[in-house]
Structures are given as C-alpha cells and as structure tokens.
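Data first, discussion second: the structure below is written as structure tokens.
The values are calculated or read from the model by the stated rules, or taken from the named source; none is laboratory data. Treat the numbers as computed from the prediction; the structure is a model and nothing was measured. Methodologically, a virtual Cβ is constructed for each residue, glycine included, from the backbone with ideal geometry; neighbour enumeration extends over all protein chains shown.
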Amino acid sequence: MKAVRGTRDLLPPETALWSRIEATAREVFARYNFGEIRTPIFEETALFARGVGEETDIVSKEMYTWEDRARAQSEKTQSLTLRPENTAGVVRAYIEHKLGESGQLQKLFYIGPQFRRERPQKGRYRQFFQIGAEVIGPTHAGSESPLRDAEVLEMLASLLDALGIEGWTLKLNSVGSAADRPAYLARLREALAPVVGQMCADCQRRAETNPLRVLDCKVPEDQPIIESLPRIADSLDAASREHFAAVCAALDAAGVVYALDHRLVRGLDYYTRTTFEFTHGGLGAQNALLGGGRYDGLSEAIGGPKAPGIGFAIGQDRLVLTLQAQQQTAAERADACIAPVGEAQNAAALRLARELRRSGLRIELGDGSFRVRKSMELADKLARQIVLLGEDELASDLLTVKDFSTGVQTKIPRADLAAHLLAARSATI
Ligand code: AMP
C-alpha cells in the first residue's frame, strides 16, 4: 500500500528542516507577542460554507466532507469537513470562547495540516501544512487600524528573512470593504457582460458566481480583456482609500519593500481591504509562499460579534522547497570570488586566492578586466561573496567584501578573511 495521492511521508533528514522552520516561526511570533492556538482538524461543514464562501473553488470543489453517522438516537447526523484552511476555525474559537470580551486584541498563531482536494503537482498537495496567524478583536481595541496590517506585513518580512528565504516579493492590494465592494462588482459585471463570451470557461463561470476571481485568471488569451476591466482602486470609497494609503505609508516608514498589484484578489470570500501575497520566483507555477489579508466581516458572517481582523497563512511545504533549492545552489557556488579592480592587482589577487584555497575555501579568481556592474552580476552566480581588491585595499590590508545573500558590504582585515568566509559557509548549509 502507498500513501494516498497528494499526501506524503516526511522523513529524516528533511524533517530537521521542517522543525527548524517551525522553531524559527515560534521565535519570531513570540517577539511580536503572539500566542499559539490549536483548533480541531475537522469542523462543521457550515463553518467553511459560510466563512470561506459557497462559491469559492475551495468550498465548491475541494473539501473533504462526509456525513458523520449518529451513534445514538439522541444524536443527529452531521456534515463534517477536514479543514481546508484555519482562519474560519480560529474565528469560530474566538466567538465560542468569547475572546473579544477581554477587550484586547487577540494575536494567535497556528501550525498544522490543511486538506484540499486539488490536482497534485510540485508545491501543491492534498494534505499540506500551514503556519498562520490572526490579529482579531473588537474595533475599540484597534483591530481595524492600518498599523495592524503594516505590523503583520513587517513581521512576515522579518520571518522570511530569519528563515533565510532570499528574493521574495510582497504583492499588495486593497479589495475594498463591504461598503464599497458592491459598487465595484456592479461596474465589473457591466464591463464583463459584452466580453465574457470570448473568455475561458472558468472566467465564464466566475463572471456569474464570483466575478472578482476573473482578475485572477492566468490564461494568456484572456489577459488583454482583463487588463481593460475596471480597477478596484478606482471604486474604493474615501475610508478604504485612506486605510490603504496608511498601510503603504507605514510600510514605507518601516522600510518594507512591496509591489502594488491591482489584480491581486484571493480565493476566499472573506477578505476585505488589504490583501497580500509573498511570492518566490524559484517555485514555478505555484509561486505563492503565503497569502493573507483583512477580514473585517468574517466574525459576523459566522454568527459572532463585530470583530475585524487580519491574518495570513504560509505554505510550509513551499518554504521547505524554497530553502532546499537555495541550499542546493549555495552548495554549488564558490565561497568567494576574488576581484582585482585593475591589472595592477592581478598578482596580489592570485596570492590571496592561493592563501584562501589553502584554508579549504572554494575560490573563483577574476582578473583586472573588472567592471563593477557586470562583474558583480557574474560573481553573484558563481560565488556567495565577492572580495574587491583595489589599491586602497592592498595598502590598508582591509578588504571590501560583499555578501550577495544579504547585500551587505563590509571591510574585513585580510587576516580575518578566511575565517569570515568559512563562517558564512556554515551559516548557509
Ligand atoms: P490560501 O489559504 O489559499 O490563502 O493559501 C495560503 C498559502 O498556503 C499559499 O500561498 C500556499 O503557500 C499554501 N497552499 C495553499 N494550498 C496549498 C496546497 N494545496 N499545497 C501546498 N501549499 C498550499
């Protein structure tokens, strides 16, 4: 017998990487004062239907749902579902345990498996693992403040950096609130009506059931039509516009880099205002490392009090894939590239390379044809760090070293260089 399609066993040594990721996530969440929540792996089907949305792909096609038999006369059969995501479960727990009555913001994180009947491929499984967090609470506790959005995004940037994920992109959008979304949907439906016949079958269905998701379509032939559709940003009311501008301003102030993506809508209905995704080029078709956003109406949609919130879910499987690919490239790259900046330094560069190689380091050696931009790009592919050797460096014995993974440039005494490069190697592997 074999593990069911779309599920897999995780074995050593790979499980060590899974544990390290979880430990780092716990450490970072603790720094932001989050506490852990563990909710059941299955819930009543109605929770996801009402929370995530009947018309979403997740609820309409992907859930593992069964009728749970009654064991006694007094019991009723119940429709139950393996959780396809965890925000609905956390908000259900928030309501059930009256967490809002404390008057404080609840900052909760979780780590665990989720289940969706998707077509398995690289980075997409039927049992997959998410590391997520939610910030939720009554409005008077500040749960609607744009500072919460910015703090969550800044925490994610810090977490990905702490994990050593290189080259991620934060994509950001606002999908409007319950107050201004209907106006946008009306404009979108109107614009779609004359053109939807020329679009793919999925878009034709979505135009009926969930028009926002048309913006998500990846079919190349549909792209010119989608680009011509009205943009959400132009339909936001003053309150949503101000909220989004404040999120962006706080991120700018904190130095978190993002790219606005006016077509970023997410596959779950509960999102309002800020929505985001962190993507990674190395992942191929399934390039989202994580996704999230604000859900100001979710608690009320499942029968609770008003409790605005914001949260995210990171695909742990995709973190693992990204880190494994990075380790592979790191292992293939030299420890450093020695770059003499002119012919006059060629001989000294050869001497330095010999010295470092004798310390067991893997060294690439350039020559005096060094051109800052081009040579840097080339060296980035070949080596983890570059050591610049110019007149000043040779005179002072202080070498300029740039680490490509962090972008940090420092001056290092020649005598310490071998130890510095060896330490960098053990930090990445
Ligand atoms: P979502 O809950 O759909 O917003 O997804 C959040 C994150 O979970 C995504 O960005 C992925 O990294 C991950 N994810 C979602 N579905 C799957 C899946 N079937 N297999 C692996 N990871 C997934």
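Before moving on, here are some points about what is shown:
- Considering ARG266, ARG213, ARG205, ARG231, the condition of being within 16 Å of the ligand (Cβ to nearest atom) and either aromatic (Phe, Trp, Tyr) or not assigned by TED's automatic domain parsing to the domain that holds TYR125 (or both) is satisfied by ARG213 alone.
- Residues in segment 285-306 that are more than 10 Å from the ligand (Cβ to nearest atom) and either under 23 Å from VAL265 (Cβ atoms) or buried (at least 24 other Cβ atoms within 10 Å of the Cβ) (or both): 10 in all.
- Residues of segment 108-128 that are within 23 Å of VAL28 (Cβ to Cβ) and more than 8 Å from the ligand (Cβ to nearest atom): LEU108, PHE109, TYR110, ILE111, GLY112, PRO113.
- The sole residue among PRO113, PRO84 that is in contact with a strand residue (DSSP E or B) (Cβ under 8 Å, 6 or more places away or on another chain), surrounded by fewer than 16 Cβ atoms within 10 Å (Cβ to Cβ) and over 18 Å from VAL152 (Cβ atoms) is PRO113.
- Condition check for TYR271: within 13 Å of the ligand (Cβ to nearest atom), out of contact with any Ser or Thr (no Cβ under 7 Å at 6 or more places or on another chain) and touching a residue at least 60 places away in the same chain (Cβ under 8 Å): yes
- Single condition ALA23 does not satisfy, out of (1) touching a Lys or Arg at 6+ places or on another chain (Cβ under 7 Å); (2) small (Gly, Ala, Ser); (3) more than 16 Å from the ligand (Cβ to nearest atom): (1)
- Only residues that are in a loop (DSSP other than H, G, I, E, B) and over 32 Å from the mean Cα position of the chain (by Cα) were counted across segment 50-70, and they come to 2.
- In segment 1-19, the residues that are under 17 Å from PRO113 (Cα atoms) form Cβ pairs under 8 Å with partners that are among the acidic types (Asp, Glu) and surrounded by 11 or more Cβ atoms within 10 Å (Cβ to Cβ), at six or more places apart or across chains, as follows: GLY6/GLU118.
- Considering (1) touching a strand residue (DSSP E or B) at 6+ places or on another chain (Cβ under 9 Å); (2) assigned by TED's automatic domain parsing to the domain that holds GLY303, the lone condition that VAL4 does not fulfil carries the number (2).
- Those residues of segment 340-368 which are surrounded by 13 or more Cβ atoms within 10 Å (Cβ to Cβ) and without any contact (Cβ under 8 Å) to a residue 12 or more places away in the chain, in sequence order: ARG357
- Count of residues meeting criterion [under 13 Å from ASP57 (Cα atoms) and not in a helix (DSSP H, G or I)] in segment 196-214: 1
- Qualifying residue in segment 234-246 (condition: under 29 Å from ILE165 (Cα atoms), not in a loop (DSSP other than H, G, I, E, B) and not assigned by TED's automatic domain parsing to the domain that holds LEU156): no
- Breaking point among (1) in a loop (DSSP other than H, G, I, E, B); (2) within 15 Å of the ligand (Cβ to nearest atom), for GLY282: (1)
- Segment 65-100, residues that are within 16 Å of the ligand (Cβ to nearest atom) and free of Cβ contacts under 8 Å to residues at least 60 places away in the same chain: THR81, LEU82, ARG83, PRO84, GLY89
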